[in-house]
Amino acid sequence: MLDKLLYIETFGCQMNVNDSERIVTMLADLGYAATNDPASSDMILLNTCSVRGGAEEKVYRRLANLRIYKRDGKKQIIAVGGCVAQQEGEELLRKLPYLDLVIGTHNLHLLPEMVRGAERGERRSETTFIDNDQRLDLFPSIKGESRLSRFVTVMQGCDNFCSYCIVPFVRGREISRRSADILSEIRQLVDEGVREVILLGQNVNSYGLKSEHEPSFPELLHQVAAIDGINRVRFTTSHPKDMSDELIACFADVPKLSGQIHLPAQSGSDAVLKLMGRGYTRDSYLAKVRKLKALRPDIVFTGDIIVGFPGETEADFEQTLSLMEEVRYIDLFSFVYSPRPGTKAAELVDDLSRTVKMARLDRLMELQRRHTREISQTYIGSVMSVLVEGEGKLPGQVSGKADIGRIVNFTGDTSLIGSFVDVKIAKAYPNSLLGEL
């Protein structure tokens, strides 16, 4: 019986979104149902991100605001999970006496036991790293609410140690899940009504490289696409240095593979890329972009760019803008560099003023807004296959994702939910498209 309420806020990447789904599943067994109202909940959990300094500061501000829910003797449980939890550990409990639980990125399997303890008034932190295959055996599954599109984790962690990135320190080294487990999970999802899967990992391109008896990532894509009932396959995130010709060929050879790829460049300057430890050059990145466009002319790119990395000159920044002009991302995650503890980049001299960094970010974002607008306008009059996932924002509308990853709203009956339909695009907005059946 679900007689308690759980409120979750999720910060950061898709990996955290996926972990939050698993948390809801696990705590349902303890009687917790998800709610959107923190005030009425019996437990609040922040699933956190520490990839950028701003994201981490946002978590601390949010935790300070949550203190009000512990007043007047209310026995509400407040918990922190994710990368900030992994990074700070016991220190969070010391700093915040109203905090009950801290659970690291490798310890989700312990959460039910920890919550039972918190219900008895116990405070606890668990941030043990598990850098072997046992981590996969403890990997909690998702069950319960059926959806049409699901994340499926194929690997965890990262071995790249880019100079600015904290992920290997808070998520651990790369471990690939067994392909048999992945395929079994997807078949189960098909039985639950799922039509689209998004294969998930910090660097999916390196899936299977450390496992002698597992397929490569391109081979895994072929196996997933061969499952009856799966109509569309996506994946994220790709590290450019590990994007092989075999994987690029999948965009021509695997019809179910989405025509959208997230391929973070981080910078368009070779000098900055070297300082970042990215393992590729501007030319090698663009060569892969050109190959993808040649094989799949309608492919769209999303990416990440860091502005104001230590040592970035005006010429380096102009190189990033020119790279954007050639790639023409449909969407871009861009942010000002912030040093992360324990990373090599934190030791570099950062002599760029905040004013210069923000001015560069503004210029980059303005260019991206133009590219998004221009690309979106090209879709007007075209017909797209849309997986209808739910009701739209306006009465009488339904909504879903096109192959390129864009949300499409159109007038239609809710009986269309769960089906793929052809929609003619009539208008383009910054983050969505409007069409007609």
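Calculated from DSSP H runs of 4 or more alone, at -39500 (n - 2.57) each and per residue, what is the 222 nm mean residue ellipticity of the chain, nearest 500? List each step's numbers first, then the result.
On the way: 14 runs with 150 residues, N = 437.
Per the formula, -10500 deg cm²/dmol.
Can you say what percent of the DSSP beta bridges in region 383-436, counting only those with both residues inside, are antiparallel? Round to 5. List each step's numbers first, then the result.
On the way: 19 of 24 bridges.
In region 383-436, DSSP labels about 80 percent of beta bridges as antiparallel.
Normalising by the residue count of region 215-265, find the relative contact order in percent from Cα pairs under 8 Å and 6+ residues apart.
Relative contact order, region 215-265: 44 percent.
Under the Karplus relation 6.51 cos²θ - 1.76 cosθ + 1.60, θ = phi - 60°, what is the ordered set of whole-Hz ³J(HN,Hα) values for region 356-369, x standing for Gly and Pro?
5, 4, 5, 5, 5, 4, 4, 5, 5, 5, 5, 4, 5, 4
Please get the size of the charge dipole for the chain, origin at its Cα centre, with Cβ charges of +1 on Lys and Arg and -1 on Asp and Glu, quoted in debye to the nearest 20.
For the chain, the charge dipole is close to 840 debye.
By counting other Cβ atoms within 10 Å of each Cβ, how are VAL197, VAL327 ranked from fewest to most?
VAL327, VAL197
If you take the alpha carbon radius of gyration of region 383-436 and divide it by 2.2 N^0.38 Å, what ratio comes out, to two decimals? Kindly include the intermediate steps, with their values, before the conclusion.
Values: Rg = 9.5 Å, N = 54, 2.2 N^0.38 = 10.0 Å.
Relative to the rule-of-thumb radius for its length, region 383-436 sits at 0.95.
If we count other beta carbons within 10 Å of each Cβ, what is the order of ARG296, ARG370, fewest first?
Neighbour counts put them in this order, fewest first: ARG370, ARG296.
Out of all DSSP beta bridges in the chain, what portion is antiparallel? Express it as a percent rounded to 5.
30
Which order do peptides 281-292, 8-19 fall in by mean Cβ count within 10 Å, highest first?
Top of the packing list down: 8-19, 281-292.
Just want to confirm a number: the relative contact order over the chain, from Cα pairs under 8 angstrom separated by 6+ residues, in percent.
RCO, the chain: 9 percent.
Give the long-range amide H neighbours of ARG195: residues separated by 5 or more places, or on another chain, with amide H under 5 Å away, using H modelled in the peptide plane at 1.01 Å from N.
Those lying under 5 Å, H to H, from ARG195 are SER149.
GNM, the chain, Cα, under 10 Å: largest mean-square fluctuation among SER206, SER338, SER40?
Comparing SER206, SER338, SER40 in a Gaussian network model of the chain, the most mobile one is SER40.
Pick from GLY208, GLY412, GLY259: which is most flexible by mean-square fluctuation in a GNM of the chain where alpha carbon atoms under 10 Å apart are linked?
GLY412
Give the list, by residue number, of cysteines in the chain with no other Cys Cβ closer than 4.7 Å, or say none.
CYS13, CYS49, CYS83, CYS158, CYS250
Taking the alpha-carbon set of region 329-381, what are its Rg and Dmax in Å?
When restricted to Cα atoms, region 329-381 yields Rg and Dmax of 15.8, 52 Å.
Which loop-located GluC sites (Glu not before Pro) does region 159-236 contain, where loop means any DSSP state but H, G, I, E or B and the Cβ has at most 16 other Cβ atoms within 10 Å?
GLU192, GLU212
Give, in nm to one decimal, the length gained when the segment between ARG373 and ASP351 is fully stretched (0.36 nm per residue of separation minus the Cα-Cα distance).
Residue separation times 0.36 nm, minus the Cα-Cα distance, leaves 4.5 nm.
If you filter region 1-97 for trypsin sites (Lys or Arg not before Pro), then keep DSSP loop positions with at most 12 other Cβ within 10 Å, what is left?
LYS74, LYS75
Under 5 Å between amide H atoms, partner at least 5 residues away or on a different chain: which partners does SER50 have, H built in plane at 1.01 Å?
Those qualifying (amide H under 5 Å, at least 5 residues apart or on another chain) are CYS83, VAL84.
Could you give the length gained by full extension between ASP131 and GLU57, i.e. 0.36 nm per residue of separation minus their alpha carbon distance, to one decimal place?
Length gained, ASP131 through GLU57: 23.8 nm.
Can you give the Kirkwood hydrodynamic radius of the chain from its Cα pairs, in Å with one decimal? Don't skip to the answer; put the middle values down first.
Working: mean 1/r = 0.0431 Å⁻¹.
Final number for the Kirkwood radius of the chain is 23.2 Å.
Given springs between every Cα pair under 10 Å in a Gaussian network model of the chain, which of LEU101, LEU352, LEU257 has the largest fluctuation?
LEU352
Measuring from label point to label point, each 7 Å out along Cα→Cβ, what is the GLU122 to ARG290 span in nm?
Distance between the two pseudo-spin positions: 6.1 nm.
At ILE380 and MET365, where each label point lies 7 Å from the Cα along Cα→Cβ, what is the point-to-point distance in nanometres?
Label at ILE380, label at MET365, 2.6 nm between them.
Read-outs: derived from the displayed coordinates by stated rules, not from any lab. Because the structure is a prediction, the values reported are computed rather than measured. When we count neighbours, we look across all protein chains shown, and the Cβ atoms used for this are built from the backbone with ideal geometry, even at glycine.
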